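What follows is a short report on a single structure.
The values are calculated or read from the model by the stated rules, or taken from the named source; none is laboratory data. This structure is a prediction, so every number in the text was calculated from the model and none was measured. Don't worry about glycine lacking a Cβ; one is built from the backbone with ideal geometry, like all the others, and counts go over all protein chains shown. These accessible areas exclude ligands, DNA and RNA; they are computed on the full protein's heavy atoms, side chains included. Shrake-Rupley method; radii C 1.70, N 1.55, O 1.52, S 1.80 Å.
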Amino acid sequence: RNAPPRAGAMLETLRGLGYTTAAALADIVDNSVSAGAETVHIRFSWAAASSHVTVVDDGCGMTDPELESAMRLGARNPLDQRDARDLGRFGVGLKTASLSQCRRLTVASVSAGQMACLRWDLDALAANPDSDWLLHEGPAAGSEAMLAALNGAQAGTLVLWEVMDRVVTPGFGPEDFNDLIDRVENHLAMVFHRLLQG
């Protein structure tokens, strides 16, 4: 019998893997390093419940089929041989790290000047619990401007976190957001210090 998991329930379960925001962003930066990026920009934008985070790199980018594979859960076998610079292992880091922090994950990627963009939206899945593993194309309505960092790029990838319910909880304010940025900065400096030192 074929008994696939329900998409929404499975993704909600994977949110509980215990990532901190800093560890989740380190996973995203790992992907950028694997893509040969020279520069990775992380931007925190405070807007209360509408706060968001973007991670933009200048790596090799992904074609539409490559992005679809990257957004698929368990797309890679951890036993497969990997490139020496590839820090990823299970094919779940991008999704589980991101969705541990937010309910809407959008990834836009440019390869050879062509952009592809896909989005997981847990609220849309919750509203349609019997839907299949529905990946949306393009950013959410009203979020188009958040992809502007890739305008004119020939290659690169942007990861956008929105509806950050695990970060901006009741009582969480701008000072807490600034403290979070400091913790992320310290964690990334510790994790990537050898890489930064060459």
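Computed quantities for the displayed model
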quantity	calculated
Any hit, the stretch 113-122, residues being farther than 20 Å from Ala48 by Cα, touching a strand residue (DSSP E or B) at 6+ places or on another chain (Cβ under 9 Å), surrounded by fewer than 16 Cβ atoms within 10 Å (Cβ to Cβ) and not aromatic (Phe, Trp, Tyr)	yes
Single match in Leu134, Leu196, Leu125 (criterion: closer than 24 Å to Ala37 by Cβ and either at pLDDT below 95 or of a type in the set (A, V, I, L, M, F, W, C) (or both))	Leu196
Residues satisfying the stated conditions in the stretch 187-197, i.e. of a type outside the set (A, V, I, L, M) and either open to solvent by less than 100 Å² (accessible area, probe 1.4 Å) or touching a residue at least 60 places away in the same chain (Cβ under 8 Å) (or both)	His187, Phe192, His193
Arg15 being under 15 Å from Met164 (Cα atoms) and modelled with pLDDT of 95 or more	no
Per-region count, the stretch 131-147, residues open to solvent by 40 Å² or more (accessible area, probe 1.4 Å), touching a Leu at 6+ places or on another chain (Cβ under 9 Å) and more than 13 Å from Trp120 (Cα to Cα)	1
Those residues of the stretch 148-177 which are under 23 Å from Val29 (Cα atoms), surrounded by 12 or more Cβ atoms within 10 Å (Cβ to Cβ), hydrophobic (A, V, I, L, M, F, W, C) and free of Cβ contacts under 8 Å to residues at least 12 places away in the same chain, in sequence order	none
